[in-house]
Every structure is written in structure tokens, then in C-alpha cells.
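Trainee: One structure coming up, written as C-alpha cells, with questions to follow.
The values are calculated or read from the model by the stated rules, or taken from the named source; none is laboratory data. It should be emphasised that the depicted structure is a prediction, and the values quoted were computed from it without experimental measurement. No Cβ is skipped: glycine too gets one built from the backbone with ideal geometry, and neighbour counts run over all protein chains shown.
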Amino acid sequence: MFTGIIREVGKFEKLASGRIVLSAPLIAPRLQPGDSVSVSGVCLTLVAAEGPRLFMDVLDETLKVTNLGGLRPGDPVNLEPALRAGDEMGGHFLSGHVDGVGRLVSLAAEGKDRVLTVELPAALRKGVVPRGSIALEGVSLTVAAIRAQDVSVHLIPFTLAHTNLGMKKTGALLNVETDLLGKYVSSFLSATPAERKLEDELRRSGFL
């Protein structure tokens with residue numbers, strides 16, 4: 001599990017033979033092989049660490065669903081080690097299982113904030129509600145507005161300075177994870193009466 005609070009903006013080095021290599025001098029010393037790391041919102045398992053460099057395997061399915069396959073050497077990536085018992089919860093619960101990608105429409109100034117607007121596929125918009133939580137590139141954010149095809153969030157100066165969101169250009173693809181609780185609610189509401197009845201019986205029997 002993750003919180004969406006970015007601990008370092010690392011650099012993508014390469015992706016070859018299904019293995020991604022990153023430079024992360026700040027968090028690398030605290031990591032061990034087998035640890036989970038959120039890479040711009042994508043949960044990956046650390047295979048090896050050599051100095052500041054992290055090596056992680058990436059499945060083809062992950063490359064299809066996320067933007068990792070389009071990274072170029074030197075591109076910034078948001079990094080967050082997995083949540084540990086006793087760690088502070090500053091954002092919201094994230095699984096690191098990206099639901100898909102959205103396309104950056106604009107990043108416009110509004111006072112001291114920046115308003116980031118991203119176009120989402122219809123399947124992802126179902127899991128987004130006003131003032132609800134959403135993760136873009138692994139960053140915990142609050143939904144400010146929802147329109148027909150896109151959603152907007154506000155970025156404070158700290159977020160702009162400590163994540164890669166302020167570096168993204170119009171048209172860039174952003175990894176999106178919708179709210180974990182919203183997914184369960186959506187799944188329940190879309191269930192058939194028979195499925196709901198079975199779930200109710202399992203809950204009464206203490207299995208859920």
C-alpha cells in the first residue's frame with residue numbers, strides 16, 4: 001500500500017528486456033530486494049539496487065495499461081516506497097494498481113495554485129466523484145471539478161516542486177488510480193441481484 005506522498009523525483013534510465021532501471025539516490029539506501037516501490041503510481045518490486053540505481057521487472061500487461069513504456073532516458077518519475085507500520089498517513093490509500101492513463105489537457109494558473117485538467121476514459125470517470133480522491137502519477141490529489149470528459153485538480157506550489165506533475169506537457173499521458181473505496185462501491189452497484197444476495201448471505205455468515 002502507498003499514500004500518494006512522493007518521497008523523491010527520480011530519473012528514468014532505461015527499459016530493456018522487461019527490466020526498468022531508475023536513478024533514485026535519496027530512497028535507494030533504505031530499500032532492499034523484494035521491496036515494493038511506486039513508480040509514478042505503478043507498484044513494482046525491487047529486484048536489485050546498486051548505489052543510487054534501482055532495477056525492477058515490468059510485465060507486458062503493465063506496459064499496456066500505464067505510461068512506463070513511453071518513458072525516455074532522463075524523464076522524471078515520482079517515487080514512493082511502500083507504507084510501513086507506524087508511518088504517517090498524509091494522503092490516501094493507494095494500491096499502486098493503475099486503472100489506466102489520462103491525457104493532460106492543461107495546466108493553468110489560478111492564484112498561487114495550478115489547475116491541472118486531465119481527460120479520462122469513460123471507464124475511469126465512473127470511479128471519480130467531486131471532492132473525492134484520485135492519484136495522478138502516484139500523487140494523492142482531490143478532485144476539484146468533473147466535466148463531460150475530464151476532471152480537474154489543484155496543485156499547490158509544494159506539489160509542483162516535489163513531483164513531476166509541473167514538468168508534464170499538454171498531451172502527456174498520466175497514470176491514473178481512482179479511489180479504492182469508490183471502486184468497491186461501483187462494483188457493488190453494478191452487481192446483479194443474485195450477486196448482491198450471495199454477498200449479503202456471505203456477510204451474514206461472517207465470511208465478509
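Trainee: For residues in the stretch 16-47 being in contact (Cβ under 8 Å) with a residue 60 or more places away in the chain and either in the same structural domain as residue 164 (by TED's automatic domain parsing) or not aliphatic (A, V, I, L, M) (or both), which is surrounded by the fewest Cβ atoms within 10 Å (Cβ to Cβ)?
Mentor: Ranking the qualifying residues of the stretch 16-47, first place goes to 36.
Trainee: Within the stretch 71-85, does at least one residue satisfy the condition of being outside the structural domain of residue 168 (by TED's automatic domain parsing), at positive phi and either buried (at least 18 other Cβ atoms within 10 Å of the Cβ) or among the hydroxyl-bearing types (Ser, Thr, Tyr) (or both)?
Mentor: Within the stretch 71-85 (the criterion being outside the structural domain of residue 168 (by TED's automatic domain parsing), at positive phi and either buried (at least 18 other Cβ atoms within 10 Å of the Cβ) or among the hydroxyl-bearing types (Ser, Thr, Tyr) (or both)), the answer is no, since none of the residues qualifies.
Trainee: Quick test of your reading of the structure: residue 116 fulfils all but one of (1) in a strand (DSSP E or B); (2) of a type in the set (A, V, I, L, M, F, W, C); (3) touching a Lys or Arg at 6+ places or on another chain (Cβ under 7 Å). Name the failing condition by number.
Mentor: Tallying (1) in a strand (DSSP E or B); (2) of a type in the set (A, V, I, L, M, F, W, C); (3) touching a Lys or Arg at 6+ places or on another chain (Cβ under 7 Å), residue 116 fails exactly one: (3).
Trainee: Let me ask something else. From the list 84, 103, 125, pick out the single residue that is modelled with pLDDT of 90 or more, basic (Lys, Arg) and over 22 Å from residue 13 (Cβ atoms). Let's see the steps before the verdict.
Mentor: Details: 84 fails: modelled with pLDDT of 90 or more; 125 fails: modelled with pLDDT of 90 or more.
The match here is 103.
Trainee: So how many residues does the stretch 65-108 have that are of a type in the set (A, V, I, L, M) and part of a loop (DSSP other than H, G, I, E, B)? Outline the logic, then answer.
Mentor: Quick first cut of the stretch 65-108, residues of a type in the set (A, V, I, L, M) only: 65, 68, 71, 77, 79, 82-83, 85, 89, 94, 98, 101, 104-105, 107-108.
Next, only the ones that are part of a loop (DSSP other than H, G, I, E, B) stay: 71, 82-83, 85, 89, 98.
Residues flagged as of a type in the set (A, V, I, L, M) and part of a loop (DSSP other than H, G, I, E, B) within the stretch 65-108 amount to 6.
Trainee: Among (1) at pLDDT below 95; (2) exposed (fewer than 12 other Cβ atoms within 10 Å of the Cβ), which single condition is residue 170 missing?
Mentor: (1)
Trainee: Which one of these does residue 62 not meet: (1) touching a strand residue (DSSP E or B) at 6+ places or on another chain (Cβ under 6 Å); (2) polar (S, T, N, Q); (3) assigned to a helix (DSSP H, G or I)?
Mentor: (1)
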